[in-house]
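Each remark here refers to the structure printed beneath this line.
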């Protein structure tokens, strides 16, 4: 998948981002399905939703091979190697 931003994450980081992101989304969904009788239920739900949003952000940056925050940093996480390009 070619993007207009360019690739700035390696294939290893791409896989890690997608895996950790999916784990975060799954964890947030499984926590939401749990007990809702707690007195601090609202705070817990907000934290679970934030966990799922963070996971979604990781999945999106992994799928597009571009992280806007890394572009602002002092270095890129990868050199443009042919094996790091998405299929």
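Derivation of every value follows stated rules applied to the coordinates shown; laboratory data play no part. As the structure is a computational prediction, the values presented were derived from the model and not from experiment. Note that we place each Cβ from the backbone using ideal geometry, even for glycine, and neighbour counts take in every protein chain shown.
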With 10 angstrom as the radius, rank 25, 7 by how many other C-beta atoms surround their C-beta, starting from the fewest. 25, 7
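Fully extended, how many nm does the chain gain between residue 69 and residue 41 (0.36 nm per residue separation, minus their Cα-Cα distance)?
Numbers: separation 28, 0.36 × 28 = 10.08 nm, distance 3.23 nm.
Full-extension gain reported as 6.8 nm.
Hey, what did region 11-67 get for relative contact order, percent, Cα under 8 Å, at least 6 apart? Mind showing how you got there, number by number?
Values: 51 pairs, mean separation 33.3, N = 57.
Once divided by the residue count of region 11-67, the mean separation gives 58 percent.
What translational D, rounded to a whole number of µm²/s, comes out for region 11-67 from Stokes-Einstein when the hydrodynamic radius is the Kirkwood one over Cα pairs, at 10 °C and 1.306 mPa s? Before the final figure, lay out the partial values.
Numbers: Rh = 11.8 Å.
Translational diffusion coefficient: 135 µm²/s.
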When 11, 30 are arranged by how many other beta-carbons sit within 10 Å of their Cβ, fewest first, they go 30, 11
Taking 22 Å as R0, compute the FRET efficiency from the Cβ-Cβ separation of residue 11 and residue 54 and round it to 0.05. 0.50
